[in-house]
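Heads up: the structure comes next, in structure tokens.
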Amino acid sequence: MMTAVGIVREKESGSIANFHSTPVTRLEFLLGKQIPYVVVASLSYVSLLLMTLLIFQVPLKGSLAALSLGAVVYVMATTGFGMVISTFTKTQVAAIFAAAILTMLPSANFSGLLVPTSSLSGAGQLLGLFFPASWFQQISIGSFTKALGFAELWPSFAALALFILAFTLLSVLGLKKQEA
């Protein structure tokens, strides 16, 4: 949500003109906007992981490294989608609504968070594959309950990496270096 309003805020305030007048590339600008959100989300992940392990005493049966890398890759994918929304919308309100409608509702319903994906029908199960949450769900469940590591979870990592590439490419293409 916050990434979705990051670039739009600059468009609305007019400070995007600074980007237009500097030699910074579109990719550098977008990564500069994304990195702080990835850092904050990673800190949030660490606090949630510590609460899970220490307070709720849920055992981590699989690889901590795989889970942690999966969390960072997942955050990069989701903040990347926020950048896509931010580059294609013109107002912060539109960006917030687009982020909420296009991500939260479908990913909660089709990622396996509420209902296991195996019990979804064909179209619902297929739709779940188009959201990073369903792939991180597999990493999280695999790490905590099934004692899985990198070797077993690599398809989920690959899918999340493809999301990062696709969302970054869409963001670069959607962000104009010069105003029309």
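So which lysines pass the test for Lys146, namely a Cα distance under 27 Å, with those fewer than 8 places away in the same chain ruled out?
Of all the lysines, those that pass the test against Lys146 - Cα under 27 Å, at least 8 places apart if same chain - are Lys61.
Which lysines, on any chain, are close to Lys90 with Cα under 19 Å apart, when same-chain ones fewer than 8 places away are left out?
Filter leaves Lys11, Lys33, Lys176, Lys177.
What accessible area per residue comes out for the chain, rounded to a whole number of Å², with a 1.4 Å probe? Walk me through the intermediate numbers first.
On the way: 10040 Å² over 180 residues.
Ligands and nucleic acids excluded, the result is 56 Å² per residue.
Percent of accessible area on segment 22-90 owned by carbon and sulfur, 1.4 Å probe? Write out the running numbers ahead of the final one.
Working: 2930 of 3840 Å².
Ligands and nucleic acids excluded, carbon and sulfur reach 76 percent.
The values are calculated or read from the model by the stated rules, or taken from the named source; none is laboratory data. Since the structure is predicted, the reported quantities are computational estimates derived from the model, not experimental observations. Each accessible area value is taken on the protein alone, full model and side chains, heavy atoms only, with ligands, DNA and RNA left out. Shrake-Rupley method; radii C 1.70, N 1.55, O 1.52, S 1.80 Å.
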